[in-house]
Each structure stands twice: as structure tokens, then as C-alpha cells.
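Reviewing the structure listed below.
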């Protein structure tokens, strides 16, 4: 039979998986440092939960449903969080949680877009303060920096501002969500196509031109916000909040990364306040975002009689892997390969036991191979040191430690080998 | 709407998730130390892969199928490994891999049995040597010991021995797999029910009694193996291998844990050699096993024209959590809560930045709460230290560090706070 995988999903071989797990580990470590706590929710959720109204009609067709079950695979980690909070009303608030895990979307696979991929989310539920926006934006960006990713920007907008802009350019309130969905495609479809779709909603041509001109206009953040406050009624407070948020991000060393972008809409229906994307740039063109987030003060209320404010960010671990995985790819995580010849397995195992007991990653020969074949394996696996064990070594109670790069060999005691390998 | 989860799956709240991730982390670390490398395969596999003949008819009904797709959720991590190896023929052999991840089985939920749970597997593909059995048994058991689990036993049998026993007691070869499946239920159903089912296969009553008497007979491992070699033809070599394996496990300090158990069958059809279970005992009764494994030399061949020997073990991370999670449950992972009052957010953020930069897990206040409310939150979260920041502290460029257990407070510099918190 053909040993293939379904469309849009993929395997990670050892060196890929080492990189993927390294990326996830750095992100998780930073989230912990920021004082967020993990939760784990199942991959499977009831369809009633997945389809709750706040979730948005558009995406329903992308949900994998399980045959014969009223359940499907989670489409993001935000809806499960909202469901979890709604069913655990004794949580200490604010509830600051992170979650790493796979999510599934049955959309068309393409470059950097899979049907199964890994996300890392962090959210604060129960606080309406801007301080939370700052934390959930700063933590993932600092994780990116620790991964060596520096050429990203933070695009930021506010649903409240966007709504005010739409209103002031004559988009009727009933068409607002539809207009936001269309504007969200500006980057992807271009201005002409978006204008056509907006006209299809009943916005007249001139208003469309003005609207798109306004939201696409360049300038620095301060200019944009001043222009907005002057031109569009009722935006002063939220523009002030945005200035305050940018200032707060400055305290994390991130002030220079922020770009106010009134065209940023974020398709999901549940955002109510600030929305943002973490985007990499390539030759002046925006790559698919590696993360995003926003405030969604009504989502918990969709699963409960009591609403709670909430705000969060996601980073695509799989997407970060696609961007930097190849660069950071390590062939091995083993520090040493324990080779043995003849009847010296017992001594080799005791050496491996001691190394492992000292936290050293020790791959142990488990084939009846001669020494040169064993060295060949260690070389192919990219392992830098081989502990060679034969009769001579056993009788002297020593180990012949070979450096696979320089080729140098040294007869050492086990304590010396531990010290040598711990140096690395 | 009712925010419920599907049957047989569960959430892990923060303290549970901290424990679950701690358990998974210890297991992964030990697997790495044993020189195993990760791979990641998708949760979704083609049904052709999931249903491959070696997989066993019995379990097919337990597979979750995705509506409208010729794909379903993985039922274990062994079949994906075999499929991966079959489709990556340039792998360096032996291929020593581990994988941690969720698997799904649509069977009847009960105590410690879920429909979605987490497993940690490690396997060696490409070597037929007993050394591999020793490594894939030793690593998970040493992981259990590092988790403080000591009251386990390693039950071990060999499919080859069991087949010879069945043959010598008159079970026809065509009924062998069916008989193995029945005998596998001995612990669960009891001797009488198993005897009845074996008779249903056409084995006569007297032979059944003798067979069950033989495989249930007690004694120490040496006695059992000697008795077997004497009583059942063609078992001498494999009995010798089993003695050798037990001796090898002695080198890992595990010799005293091994119990040879001829009744151990392991339902899965793909095992071809040694099979084992890691079992906890409670009042002399075996609990559901927390891990298992065996040699399966034909499974890769089910996905490829070229067969490869393989052997591996699984531990149920979810099950280990059920056994020790409550004991090891930590309320928090944050080392400090950074509290602030008045307009001192900026200084508080810079303190949090420094702490986090030093690898300290620092939860930062993100509500406009007064100090006593902030201390209440830190107390409810089980956080041991609070860094209190007010005007006095900011002006002195110091931090008031409160020990939440003793109630003691000290005015310290940021360097002193870092040093104090790193002590823990």
C-alpha cells in the first residue's frame, strides 16, 4: 500500500522535529516567564461549541467533523478557551493562560498553509485594561526575538476605529461586518477588487474611493492618529488609547515595531477592540502573518450568561518553523554516541547510565556492528563525540573519547568524560 | 448554550496542565538522554494506513473517521511511525525515535480510559538485537522512577513462547491469533470466562485447563523459564533470550522489577517477539497498565515492500497523570507576582522585564486593583513572592519583596531580588 499522508498535513523527521520542538520550547518558556499558566483542552469539541454564533459563518465549512459524532476538530485555541472559561466559573481572575497545540482547518493547502498546524496562544480573560494588550503582544514578540527573528512589524488597528471610519464614509451599520470581511482582504486581493466588493454592498463609488484612500494613506503613527481624530467623529478616545498602547509597548522595547494600519480588519467576527498582526516583510511585501490577536470582549458571553472581557495573541509555530526552521535545523540532540566492540556491552551500558544520569544525551550502540560502522552511524547522525569501549578501555576502567570533528582521541575516566561533555 | 466537551475527553485546568506538562517533560528529557530523536507526524492519517492489515480488525471500529475524507484520527503512534519509515527509505538505521502526542480511540470511556489521551512512545527500527528491547524498556521505566513512581512491575512474555505453549496444548495454528486475543483478557475477565471462550474456539476442556494452569502458574522467573523449556518443545532458545534480556535489564538497575508472565498476550496483532506491560499494583491487584510495548518485526513491511525489524514502548502520559498528577499538582509556576500601585506601571514593567530577562517567571498585575486585591490574587494563585512597587520604591529605585508565606518584607535592589528568586 501507498504510505502517504492526507492532503495538507505533513511529517517532521528528526532534525525538523528537533527544530520544531525547539521553537515551541522557546515560545512556551517566554510565555511562562510572562506569568502565564498552561491549560490543555481536547482536540475534539462539540459542533455546537465550534459553531457558536460568535465564531463566524465563513469558517464553518473549514471545520473537520467526525463521522457519526456531533463533534469536530478545533479550528483555533480561542473558542476552546472561551468554552473552558464559561464552564469553570470559579477561576481566579484575571485568568492568564497559554496553550500550545495543533489546530485543523480544511481550507486549500498552499505555501505555508497547512490543514493541521501548531499554534501557541496566550490570553488574559477578565480584565479590560490596556495593560493586558501590552502583555499579550509583548510576550510573543519577545519570543520571536529570542528565536532570532527581528525583521517583523506589528500592524495594529482598532475595530472601534474601523467602525467609526466605515460609518463616517457611509457604510450602513447593517453592512459593517460584511465590509470588515471585505477590507480584511485588501492585502490579498488588491484595492480594485475590494472596491468592487464594497460597491456590491451598496456603498457608492466615491465613498469607496475616499474610504480606501483614507485607510491606505501612509504616514507615521502619530500623524495617522491625529488625522483620524480630526477627520472622523467619535474616534478621539480610542485614538488616545492606541497612543497609550504604543507607549506601553515602548517599555518592552517594542515601540519601533508598531505600524498603525487602518486597513487591518481581521476576518473573525469576535474581535471588539484592538486587533493586530505580527508580519514578516520580504522585499517590501508582507508575508503571511506569523501571528495575530485582538480583544474579544463578547466571546465568553457566547457560551455563558455572564460575559467577560478577553484579549489574546496567537503565534503560528508551524509558520515560524517554515520561516526559520531550515536555518535552525540541528541534525542531532545527542551529545555522545557510546560505541562498543566485543563482549563489552555491560561496561558500555554502565558508561551510558552514568552519562545519562548526569543529564548528557547519550546514544548507545544497539547493533552488533564493528567499530568503523558505529563511527559511520555517529557521523551520519551528526554526533560530535564517540565514547569508544573495548577490552583495553574496560580493563583500564577508562573510556576512549573521540572527537568526530578533529579526530582526536583521549583515554579518560568517566568523570573526565562527564566534565568534557558538560562543557558543550 | 451548554459549554460541554464531547464524551470521553477532558480539560486540564492550570494546575493540572502544569502537572501534565511536567510529566511529559520529564519523560521527554529521559528519552533524549537515552539518545532517541523526535519525529512529529500528523494527527490525521489516511484510512488506508489506519486500516492496514497488521493493525487488527478489532480496533477498526474504534477509529474516528473524518466526515467526507478518506482519513481519520491516529489510534496509536506506532502505525504512523511504520508509515513514516516506509515512506522515508533514506533514514540512517537504526532509527531511534520518540514521539509524544495525543491519540484517539472511540471506545467506552471509563475510569482512567479516555477517548483522547496523550502517549509517549520510543522505538528502534532497523535492529533485531535484544539490546534494543533493553533500551526501549529501560528508558520509560527510568522516566517513571524520576517521576517518583517506584511500585511498578514489568510483566514480560514472548509471542514466540506463547505460540509454542498454545501449540503444545492443542490450539490449532489457525486459531492462534484468536486464542491470543482471548488470553489477553485473562486479567480482566477471569479464568472461567476465558476458558469458556477458548472452548468456543474448539480447544477441549481438559487442554484448556492444562493450558491456563500452565500459564497462570507462579514461581520465580528462573523456575518458570526452566519449567517451560522442559515442558514445551522448541522454547529453549527464546527462553534463553528472555533470561539474557532480564540480565541486560539488571544493568539498568531494573532486574528486580521483571515478572515473567506467560499469560501476557497484548491484543494487537502486530507483535512478533517479546511483549511487555508496565503495571502498577494496588492491594495486590494489577491496575490498568501505564505502558506497554513489544517487538513488531513485520509492521513496517505492511506499508512497504521491504520489511524492517522494530521494537518499542509506549507510556500513557494521561494515565501517569491520573496516578500521580493529583500528588504532584502545583498551583502555579510563577515565581513572583509584580504588584504596583498608583502611576508606577512603567517602573513595574521595567522590573518585570528584568526578572523575565533573568529567566524568572514573573506574573505582572494587569488590573487597576488596589494592593490588597493584588496580594489576594497572588495568594489565590499560590505565588510565593510579591514584588511590591509604589512611589517609595520607585523613588528609591528599589523593590519591596514580600514573602507570602512568612509575611516578611524587604526593600531590595533589582539585583538582590533576582538573586533571591533564583535561589528557589
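The values are calculated or read from the model by the stated rules, or taken from the named source; none is laboratory data. Computed from a predicted model, the values in this text were never measured in an experiment. Because the Cβ atoms are built from the backbone with ideal geometry, glycine has one as well, and the counts that use them run over all protein chains shown.
Quick one: which residue in A:35, A:101 is touching a strand residue (DSSP E or B) at 6+ places or on another chain (Cβ under 6 Å) and either facing another protein chain (nearest Cβ under 9 Å) or closer than 28 Å to residue B:336 by Cβ (or both)? Write out each step before concluding.
Details: A:101 fails: touching a strand residue (DSSP E or B) at 6+ places or on another chain (Cβ under 6 Å).
Only one candidate qualifies: A:35.
Identify all residues within segment B:31-71 that are part of a helix (DSSP H, G or I) and at pLDDT below 95; write none if there are none.
Looking only at segment B:31-71, we keep the residues that are part of a helix (DSSP H, G or I), and these are B:31-33, B:47-50, B:53-55, B:57-60.
Matches in segment B:31-71: B:47, B:48, B:49, B:50, B:53, B:54, B:55, B:57, B:58, B:59, B:60.
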*How many residues are in contact with a strand residue (DSSP E or B) (Cβ under 8 Å, 6 or more places away or on another chain), under 19 Å from residue B:248 (Cα atoms) and not in a helix (DSSP H, G or I) if we restrict to segment B:128-171?*
7
*Take segment B:11-30 and flag every residue that is more than 7 Å from chain A (Cβ to nearest Cβ) and either part of a loop (DSSP other than H, G, I, E, B) or out of contact with any helix residue (DSSP H, G or I) (no Cβ under 6 Å at 6 or more places or on another chain) (or both).*
B:15, B:16, B:22, B:25, B:28, B:29
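Please list, ordered by residue number, the helices (runs of 4 or more DSSP H) wholly in segment B:197-266 having 2 or more residues that are touching a residue at least 12 places away in the same chain (Cβ under 8 Å) and farther than 22 Å from residue B:129 by Cα. First the steps, then the outcome.
Working: elements: B:205-216, B:221-231, B:236-250.
Result: B:205-216, B:221-231.
Can you find even one residue in segment B:78-89 that is touching a helix residue (DSSP H, G or I) at 6+ places or on another chain (Cβ under 7 Å) and either surrounded by fewer than 22 Cβ atoms within 10 Å (Cβ to Cβ) or more than 30 Å from residue A:19 (Cβ to Cβ) (or both)? Please lay out each step first, then the result.
Here is the first cut: in segment B:78-89, the ones touching a helix residue (DSSP H, G or I) at 6+ places or on another chain (Cβ under 7 Å) are B:79, B:82-83, B:85-86.
Narrowing further to those that are either surrounded by fewer than 22 Cβ atoms within 10 Å (Cβ to Cβ) or more than 30 Å from residue A:19 (Cβ to Cβ) (or both): none.
So far as segment B:78-89 goes, no, none of its residues is touching a helix residue (DSSP H, G or I) at 6+ places or on another chain (Cβ under 7 Å) and either surrounded by fewer than 22 Cβ atoms within 10 Å (Cβ to Cβ) or more than 30 Å from residue A:19 (Cβ to Cβ) (or both).
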_Which of the numbered conditions does residue A:364 fail, given that it passes all the others? Conditions: (1) touching a helix residue (DSSP H, G or I) at 6+ places or on another chain (Cβ under 9 Å); (2) at pLDDT below 95._
(2)
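Residues checked against (1) free of Cβ contacts under 8 Å to residues at least 40 places away in the same chain; (2) under 19 Å from residue B:44 (Cα atoms); (3) touching a strand residue (DSSP E or B) at 6+ places or on another chain (Cβ under 9 Å):
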position: A:63; (1), (2), (3): no, yes, yes
position: A:69; (1), (2), (3): yes, yes, yes
position: A:86; (1), (2), (3): no, no, no
position: A:92; (1), (2), (3): yes, no, no
position: A:95; (1), (2), (3): yes, no, yes
position: A:118; (1), (2), (3): no, yes, yes
position: A:121; (1), (2), (3): no, no, yes
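Select, from B:244, B:159, the only residue that is within 14 Å of chain A (Cβ to nearest Cβ) and either within 30 Å of residue A:366 (Cβ to Cβ) or within 26 Å of the chain's Cα centre (by Cα) (or both).
Numbers: B:159 fails: within 14 Å of chain A (Cβ to nearest Cβ).
None of the other options fit; the residue is B:244.
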*asked:* When you scan segment B:83-90, do you find a residue that is within 9 Å of chain A (Cβ to nearest Cβ), in a loop (DSSP other than H, G, I, E, B) and closer than 27 Å to residue A:361 by Cα, even just one?
replied: yes
*Among the residues of segment B:213-230, how many are modelled with pLDDT of 90 or more and touching a helix residue (DSSP H, G or I) at 6+ places or on another chain (Cβ under 7 Å)?*
4
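Identify, please: which residue in segment A:126-136 is more than 7 Å from chain B (Cβ to nearest Cβ) and surrounded by fewer than 24 Cβ atoms within 10 Å (Cβ to Cβ) and is, among those, farthest from residue A:90 (Cα to Cα)? Step through it out loud before you land on a result.
First, pick out the residues of segment A:126-136 that are more than 7 Å from chain B (Cβ to nearest Cβ): A:126, A:128, A:130, A:133-134, A:136.
Subsequent filtering for residues that are surrounded by fewer than 24 Cβ atoms within 10 Å (Cβ to Cβ) retains A:126, A:128, A:130.
Details: A:126: 12, A:128: 19, A:130: 24 Å.
Restricting to residues being more than 7 Å from chain B (Cβ to nearest Cβ) and surrounded by fewer than 24 Cβ atoms within 10 Å (Cβ to Cβ), the top hit is A:130.
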*Is segment A:18-33 home to any residue that is more than 15 Å from the chain's Cα centre (by Cα), in contact (Cβ under 8 Å) with a residue 60 or more places away in the chain and more than 30 Å from residue B:366 (Cα to Cα)?*
yes
_Residue satisfying all of: in segment A:323-351; over 25 Å from residue B:95 (Cβ atoms) and touching a strand residue (DSSP E or B) at 6+ places or on another chain (Cβ under 8 Å); nearest to the other protein chains (Cβ to nearest Cβ) among these_ = A:347
*So, in segment B:341-359, of the ones that are in contact (Cβ under 8 Å) with a residue 12 or more places away in the chain and under 12 Å from residue B:414 (Cα atoms), which residue ends up farthest from the chain's Cα centre (by Cα)?*
B:347
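To keep it simple, each residue is scored yes or no on (1) outside the structural domain of residue B:19 (by TED's automatic domain parsing); (2) surrounded by 14 or more Cβ atoms within 10 Å (Cβ to Cβ); (3) part of a loop (DSSP other than H, G, I, E, B).
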{"position": "B:324", "(1), (2), (3)": "no, yes, no"}
{"position": "B:343", "(1), (2), (3)": "yes, no, yes"}
{"position": "B:354", "(1), (2), (3)": "yes, yes, no"}
{"position": "B:367", "(1), (2), (3)": "yes, yes, yes"}
{"position": "B:393", "(1), (2), (3)": "yes, yes, no"}
{"position": "B:406", "(1), (2), (3)": "yes, no, yes"}
